[in-house]
Amino acid sequence: MKHIIASLLLGLASLGATAPVARAQDGPLRIEITDGVIEPLPYAVPAFVAETGNAAQIAQDIARVVAADLSGTGLFREIPKEAFISNITNFAAPVQFADWKAINAQALITGAVSADGAGNIAVSFRVYDVFAGQELGNGLRFRGTQDGWRRMAHKVADAVYSRITGESGYFDSRVVYVSESGPKNDRKKRLAIMDYDGANLKFLTDSTSIVLAPRFSPTGDRVLYTSYETGFPQVFVLDVGSVTRRVLEAQSGTMSFAPRFSPNGQEVVYSITDGGNTDIYRMNIGTGVRSRLTSAPSIETAPSFSPDGRQIVFESDRSGTQQLYIMPASGGEAKRISFGQGRYGTPVWSPRGDLIAFTKQNKGRFHIGVMRTDGSEERLLTASFLDEGPTWAPNGRVIMFTRETQGATGSASLYSVDVSGRNLKPVRTQGGGSDPSWSPLQE
Amino acid sequence: MHIGHYISGGAHAALIGWVLFGGVFRSEPDPVEVTGVDIISTAQFEALLAAERPPAPETDVEVPVAPEVAPEPSPAPPEITPEPDAPTPQPQPTPVAPAPQDLPPAIPAPLNPPVAIDDTAPDSPSAPKPDEAAPVESVRPVARPVPRVAPEAVTAPDPDREIADVDQAPTAPSDDADSVETAETPTAREEAATEIPTEPQERASAPTTSVRPKARPNRPAAQPAPTETTEAPEDSNRDSSVNDALAAALAEADAPAVPSGPPLTAGERDALRISVQECWVVDVGSQAANVTVTIAMSLDRAGQVVSGSLRQIAAEGGDEAATRAAFDAARRAILRCQRGGYNLPIEKYDHWREVEMTFNPEKMRRR
């Protein structure tokens, strides 16, 4: 009996000694994070260092535009300067990350500006991940004329945005739109072009005739638009640099409208109404050769190319209500992609190629929405008395559109919204505005 | 004789009648919940829905002041002012990079002074003193049922304080007549606990080993008796060997080189996960929100990331730029929320010395 008890004790003791080892975890501790927070990322932009005495003011201005660009996205939140513990006085000096961590700045942007006295300036900048204690990418320097300081600021902001989000920016871009003035029953409309943030406004046409739906070319050097200057709508193409224009479709007795460039900029798709029927056509700008893409007895209009140029999304009422369809770029069988309640129109393919923005009218309200190219995952981003005419930012992240208020004194203005539905805000324009078209990033 | 029969018969008849008609075996009906229903018209119903309908998904934003632009040009076709020379990005960065020796350390000093951590193992609560064989009462903290779990325990704020990210003491208005500043609203962080209250777990102050039973004292040596056999010394030797084996095994079990204690519990793992996710900022509209990235790191005993150990070991769902952005966001979350070190049980250090965290934004994309 004693032998048995002793053996059991020995066995238990042996188990007790080995049990912790057996319970020890094999490999590293593995954690999966599926919840996070959605909030603007705090960043700090100390005043850019003026490396020459005559660059002090422009250094401040550039830093302000950079901050306005970043904060305007809704993705970033600038930390006020009053909270700074230290400042940047030497662009090349090491950054004291502890000072910026103490104010919870997750990103730090430093810069320096120099002017040569002959109207040329140079802007250098760096972006730091404060908590990682390291620089994001390498420093860059832009050179240009003093008149172009805003573009240089936008380029700095684009680079910062790209380094933090992993996507290209959209700040160094322009918007062409229809500037509106006057009462609703006698509204004057003319084409206007401005920076994406409303600065550097210029007018491209006068207000003697109604103009509609301008569309930038893929290179941003030309604009297609519809004008009533001949008495009925016709498509024109305008050279932005020289402000010269020519009619694109001059077939008498027909109305042409809703033009849009192909991704290579050599062709145009648009609608022609002939004999009461509206169909979509495609024209080579260089040769003038035109081909018909649809031939249904219904109304087909608002075509928009996919970024690869292989497909076209358009609106049609062939099913009895206005819906969205996709067809090959050479024409052929179309596939309906919108099946929700209400009417869908003005589809625009995202530059990323993954989404299609559209206008939706349902139950007396208008919406700007997005859906996958197969019609799935429809999301409505806005709702108002009248929202219409979406256009994509060059990086496919933001949508600009027209919002019109109700009543006899109602007016049209431009708004923008993030593709996630956040950060809905008006776009700064002089007077009213409608039909915006966002340019690509400038070279 | 018959009187007894009559009494018995009468009693039985009464009993049978009571059973049949008295409701002895009739069960009480189950209580039924009754909800009042008002019949309203369609117009009233629409009015109710309208009252409860959330506001339209838009934000009232002040219309900014129109920009000052140059006066309108003459009716003749306006001219575009010549574009300024496009600033030419330089392919190579021209700013002089700081000398390597001037660079700050990769992982700078934490914001808050780090909590002093003794690397030695905690004192065993069962010091084998012969007169302290009674079990030692644990001093582990009691987790309170607080709805919010945060890296730092925060006591319930005063009701008159506004919930904010930081504590802000009330400030009195300035006596300066020129000052237009008003007193700031006192704020306080939301009440929080460091662990999920539903699973109170062993913490650093808890004992790492249970009280071990004392070894049985050696028996006094038997007096040799001429009539005894030699079996008694053999038993004594066996007991001694058993005790020696037990002591050796227990000593081996307490050796610090071997991982001790159970693995992290679900509560402890969740506390770490929640600590990190509170700092994980997800840009749901970006391409990086399609990327699932896994990061490996080493933690020191204070729960801080060992400098240079944080690295990406897997990623899927996006291109190189999106993957880099996803990694940067995950890294910021880990480094920002570690503060003085993640709150992990020191006695289980061997179980969280190496950590792999997978950041999966799929759920966030649906928000």
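No lab work stands behind these numbers, since they all come straight from the coordinates. Just so you know, these numbers come straight off a predicted model, no measurement behind them. So basically every Cβ, Gly included, is an ideal-geometry build from the backbone, and we count neighbours across all protein chains shown.
Taking 8 Å as the Cα distance limit and 6 or more residues as the minimum spacing, I'd like the relative contact order of region B:285-365 as a percentage.
46 percent
Using label points projected 7 Å from each Cα along Cα→Cβ, tell me how many nm separate B:His12 and A:Thr287, to one decimal.
11.7 nm
Could you work out the local net charge near B:Ala333, counting Lys and Arg as +1, Asp and Glu as -1, over the other residues with Cβ closer than 13 Å to its Cβ?
Values: positive: B:Arg273, B:Arg331, B:Arg332, B:Arg336, B:Arg339; negative: A:Asp35, A:Glu39, A:Asp129, B:Glu278, B:Asp283, B:Asp328.
Counting the neighbours of B:Ala333, the net charge comes to -1.
Using the eigenvalues of the Cα gyration tensor, what equivalent ellipsoid semi-axes result for region A:174-438 when each is taken as the square root of five times the eigenvalue, whole Å, largest first? Could you put the intermediate results ahead of the total?
Values: eigenvalues 119, 110, 66 Å².
Calculated on Cα positions only, the semi-axes equal 24, 23, 18 Å.
List every residue whose amide H lies under 5 Å from the amide H of A:Ile31, counting only residues 5 or more places away in sequence or on a different chain, with H placed 1.01 Å from N in the peptide plane.
B:Glu356, B:Met357, B:Thr358
Measuring from label point to label point, each 7 Å out along Cα→Cβ, what is the A:Asp274 to A:Ser295 span in nm?
1.1 nm
Once you place label points 7 Å from the Cα toward the Cβ at A:Gln266 and B:His5, how far apart are they in nm?
About 12.5 nm separates the two model spin labels.
With r as the distance between the Cβ atoms of A:Ala250 and A:Gln406 and R0 = 45 Å, compute the FRET efficiency 1/(1 + (r/R0)^6) and round to 0.05. Before the final figure, lay out each step's value.
On the way: r = 38 Å, r/R0 = 0.84.
Calculated value: 0.75.
Note the full-extension length gain between A:Phe232 and A:Asp61 as 0.36 nm times their separation in residues minus their Cα-Cα distance, in nm to one decimal. Working shown, then result.
Working: separation 171, 0.36 × 171 = 61.56 nm, distance 4.63 nm.
Once the chain is fully extended between A:Phe232 and A:Asp61, it gains 56.9 nm.
So how do A:Ile85, A:Ile399 line up by other beta-carbon neighbours within 10 Å, fewest first? Please report the intermediate quantities before stating the final value.
On the way: A:Ile85 12, A:Ile399 27.
Ordered by Cβ neighbours within 10 Å, fewest first: A:Ile85, A:Ile399.
Between A:Phe385 and A:Arg77, what's the calculated FRET efficiency when r is the beta-carbon distance and R0 is 35 Å? Round to 0.05.
Values: r = 31 Å, r/R0 = 0.89.
Result of the calculation: an efficiency of 0.65.
Once the other residues with Cβ under 12 Å from the Cβ of A:Ser71 are scored (Lys, Arg +1; Asp, Glu -1), what is the net sum?
On the way: positive: A:Arg64, A:Arg77, A:Lys425; negative: A:Asp69, A:Glu78, A:Asp197.
Net local charge, A:Ser71 excluded: 0.
Calculate the length of the line joining the C-alpha centroid of region A:63-133 to that of region A:210-228, in whole Å.
Distance between centres, Cα-based: 38 Å.
For region A:384-400, take each phi angle, set θ = phi - 60°, evaluate the Karplus expression 6.51 cos²θ - 1.76 cosθ + 1.60, and give the result in whole Hz per residue in order, putting x for glycine and proline.
In residue order, the calculated couplings are 6, 4, 7, 10, 6, x, x, 9, 8, 5, x, 9, x, 9, 10, 10, 10 Hz.
What residues of region A:174-190 lie in the reach of a label at A:Ser209, counting those whose backbone N is under 12 Å from a point 7 Å from the Cα along Cα→Cβ?
Those under the cut-off are none; the list is empty.
So if a site counts as exposed when it's one of the trypsin sites (Lys or Arg not before Pro), its DSSP state isn't H, G, I, E or B, and it has at most 15 other Cβ atoms within 10 Å, what's the longest stretch of chain A without one? Write down the numbers at each step before the final one.
Numbers: sites that count: A:Arg310, A:Arg352, A:Lys363.
The longest such stretch corresponds to A:1-309.
Give me the net charge of B:Val306's neighbourhood, meaning all other residues with Cβ under 13 Å from the Cβ of B:Val306; Lys, Arg count +1, Asp, Glu -1.
On the way: positive: B:Arg301, B:Arg311, B:Arg353; negative: B:Asp300, B:Glu354.
Net of charged neighbours comes to +1.
Determine, from the Cβ-Cβ distance of A:Asp116 and A:Ala199 and an R0 of 22 Å, the FRET efficiency 1/(1 + (r/R0)^6), rounded to the nearest 0.05. List each step's numbers first, then the result.
Details: r = 24 Å, r/R0 = 1.11.
The value I calculate is 0.35.
For chain A, what is the convex hull volume of its Cα atoms per residue in Å³?
Dividing the Cα hull volume of chain A by its residue count gives 244 Å³.
Taking the C-alpha atoms of region A:41-165, how large are the radius of gyration and the largest Cα-Cα span, Dmax, in Å?
Both quantities, over Cα of region A:41-165: 13.5, 41 Å.
Rank these for me by crowding, B:Lys363, A:Lys425, going from fewest to most other beta carbons within 10 Å.
Numbers: B:Lys363 12, A:Lys425 18.
Listing B:Lys363, A:Lys425 from fewest to most nearby Cβ atoms yields B:Lys363, A:Lys425.
Over 29 Å between C-alpha atoms is what I'm after, so list which of A:Lys101/A:Lys155; A:Lys335/A:Lys425; A:Lys184/A:Lys363; A:Lys155/B:Lys363; A:Lys155/A:Lys188; A:Lys202/A:Lys363 land there. Mind showing how you got there, number by number?
Details: A:Lys101/A:Lys155 26 Å; A:Lys335/A:Lys425 34 Å; A:Lys184/A:Lys363 25 Å; A:Lys155/B:Lys363 34 Å; A:Lys155/A:Lys188 34 Å; A:Lys202/A:Lys363 38 Å.
Flagged as over cut-off: A:Lys335/A:Lys425; A:Lys155/B:Lys363; A:Lys155/A:Lys188; A:Lys202/A:Lys363.
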